[in-house]
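Notes follow the structure.
Coordinate-derived values only; no laboratory data. Bear in mind that the values here come from a model prediction, so they are computed numbers and not experimental data. Here the Cβ positions follow ideal geometry from the backbone for every residue, glycine too, while neighbour counts run over all protein chains shown.
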Amino acid sequence: MRAPEDADARRAIAPQICYPTDTLPRLSELQVARALAGWSKTAEVLVPPRQAACFHVRAGQAFRITSVDGPQVGDLNLWNSTDLSERFYSGKTRALHGTHVTTGDRLWSSFPALRPMATILHDSLGWYGKDAFGGSVHDVIGTRCDPYTHNLLAGGQYHHCCHSNLTRAFADATGKTLHEAEGFVHDVLNVFMCTGFTRDTGQYFMKASPVRTGDHLDFLAEIDLLGALSACPGGDCSFEHSSDTAACYPLLVEVFNTDATADWTPPLVNAYDRSHGR
Ligand SMILES: [Zn+2]
């Protein structure tokens, strides 16, 4: 296709950040300091390889996800445990914080609440930054590996994709049927996964995660949460997912009381009046 005469001039226009974050509410230094202090463990769940498990975290508690036996990627879903229709909104989190999240970034909930569900307190892979391929860790761009896309591209019935793992775990935790539960599963935070978009074709890529045994990602729960974590069948996602060929390891989820727990005040739901111009 022939480009217009002023094509170069149009391409040369400098980009603007869609959502400058200077006015985005952040935790105060005091809130962060209290959330990082006085940790005492109240619960833990070991997520088996190629499975998912649910866990509860109260507002003001912290939770830690650790790769315990070998390099393993996890797919995380979060719901407001008192209103399961409020769930993690990966797309808006991406629009606000960028394609990958790290210490200080917040995980935002769906409309109409649009409030922080959790804030990342510590990221042991925070040193990774962006590599020469444009890759980085903990993305909010991939959706989750799922049996439908697998069927579309490769055919067959594979049941241990993160989508199905999360569906089974959510059904077990809530008493919902599998088909009811499936509708609550949503786009994830890809914990420890190393991903990006190729520079030439803009395609979503993955590469071996830099995660090693002991690496962890710590969160402050800002509202009462039901979480579900899947230990992705892709293992470290160096090669492929949606199969049983990759080496897979468990992930540990631990829940802690902190100095912030006792008197934590959850953030209010969004103040938009929902009249939508009528
Ligand atoms: Zn997966």
Discussion item. If the reach is capped at under 15 angstrom between alpha carbons, list the aspartates and glutamates near K41, excluding any in the same chain fewer than eight residues apart.
Written reply: D218, E254, D259
Worksheet item: Taking the Cα centre of the chain as origin and charging only Cβ (+1 Lys, Arg; -1 Asp, Glu), how large is the dipole, in debye to the nearest 20?
Response: 360
Worksheet item: At q = 0.19 Å⁻¹, what is the log10 ratio I(q)/I(0) for segment 44-154, with the Debye formula run over Cα points and no solvent?
Response: -1.27
Practice prompt. Consider all pairwise Cα distances in segment 41-257 and report the whole-number % of them above 33 Å.
Written response: 7
Practice prompt. Could I have the simple spin-label model distance between A95 and F111, label points 7 Å from Cα toward Cβ, reported in nm to one decimal?
Written response: 0.8
Worksheet entry | Where labels lie 7 Å past Cα in the beta-carbon direction, separation of E240 and T177 in nm | 3.4
Worksheet, complete the sentence: Rounded to the nearest 0.05, FRET efficiency between A33 and L153 (Cβ-Cβ, R0 45 Å) equals 0.40
Practice prompt. Mind checking which aspartates and glutamates have their Cα closer than 14 Å to the Cα of K130? Skip sequence neighbours fewer than 8 apart in that chain.
Written response: D139
Discussion item. Can you sort D131, D123 from fewest to most other Cβ atoms within 10 Å of each residue's own Cβ?
Written reply: D131, D123
Item to complete: Order these peptides, 30-36, 231-237, 45-51, by their mean beta-carbon neighbour count within 10 angstrom, highest first.
Response: 231-237, 45-51, 30-36
Worksheet item: Among W79, W127, W39, which comes first, then next, by fewest other beta-carbon atoms within 10 Å?
Response: W127, W39, W79
Worksheet item: Which whole-number percentage describes the relative contact order of the chain, with Cα contacts under 8 Å and a sequence gap of 6 or more?
Response: 36
Worksheet, complete the sentence: Taking Cα pairs closer than 8 Å and at least 6 residues apart, the relative contact order of segment 94-240 in percent is 28
Worksheet, complete the sentence: K41 and L24 label points (each 7 Å along its Cα→Cβ direction) are spaced in nm at 3.2
Worksheet item: Contour minus end-to-end for D200 and D259, with contour as 0.36 nm per residue of separation and end-to-end as the Cα-Cα distance?
Response: 16.4 nm
Worksheet entry | Rg(Cα) / (2.2 N^0.38 Å) computed for segment 189-229, rounded to two decimals | 1.60
Discussion item. To make sure I understand the rule: partners must be aspartates and glutamates, Cα under 16 Å from the Cα of K176, and not fewer than 8 residues away in the same chain. Which ones qualify?
Written reply: D83
